[in-house]
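Encoded as structure tokens, the structure appears first; notes follow it.
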Amino acid sequence: MTSSENPAPEPQPDPGQPKYAERSYRSTAGVVGGVLMLAITLWLGIDAIVRGTGNTPWLALALMLLIVPLVVAFTLRPVVLAGDDRLLVRNPFRTVTASWAAVEGLRSGYSTELFVEGKKYQLWAVPVSMRARKRAARARTRAAAAGDPGATLGARPGAPDTTRAWSDRVVDELRELAERHGAREGAPSEVTVRWAYEVIAPAVAGAVVLIVLMAIG
């Protein structure tokens, strides 16, 4: 009589924990403004390099080396990426990556802020607009006066409420993700901070070259 061993079944994903696509948050106005600033900087800089005389082309090149990385850093680079396992905050000069279990809090006051390991990091990609908050408050007041039940849903994180400022809605979504994924059993608490040397180095080089050229000119 023979017996055969049945292989252990492979673990299946928990249907109660669905997977979500990574969410991306950034300021559209900042990106548009950055593209325009880069276009103007490159146009004026290239024109000065081609038509300038004496030290002008070198000064223009040094200015471009200084300005372009800074424009990219403050307008195009900032982004917040939220996945199932971690939150990534890319600011002008630093990138903070934190597992959800390490997130101690998120706040939207005069700026949006992340708290991990007792430290505070600003979310440059999610700027706070007081004008947007006032506009959202007026919309909420009008909706409440009209008897719209959705006007009172904004106090609950994740509620589909368009009468809240964009930055406040983003923080609500991030808090919901932190509560959902940070409480998972065995979730690691990890935080890494990396300086953006690819931005800092060319900007510093441009500043040094500019100072040298102005000193000898």
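General observations
- Net charge of Cβ neighbours under 14 Å - reference V68; Lys, Arg +1; Asp, Glu -1: 0
- Cα centroid separation, the stretch 49-77 to the stretch 196-213 (Å): 10
- Distance (nanometres) between label positions extended 7 Å along Cα→Cβ at T141 and E22: 4.2
- A Förster radius of 35 Å combined with the Cβ-Cβ distance from A29 to I216 puts the calculated FRET efficiency at roughly 0.30.
- Here the extension length gained between V50 and D84 equals 7.2 nm, from 0.36 nm per residue of separation less the Cα-Cα distance.
- Accessible surface, 1.4 Å probe, highest first, among residues E198, E173: E198, E173
- The heavy atoms of Y25 present about 20 square angstrom of accessible area, all protein chains included, probe 1.4 Å.
The values are calculated or read from the model by the stated rules, or taken from the named source; none is laboratory data. Computed from a prediction, not measured in an experiment: that's the story for all the values here. So basically every Cβ, Gly included, is an ideal-geometry build from the backbone, and we count neighbours across all protein chains shown. All accessible areas refer to the heavy atoms of the entire protein, side chains included, with ligands and DNA or RNA removed. Shrake-Rupley method; radii C 1.70, N 1.55, O 1.52, S 1.80 Å.
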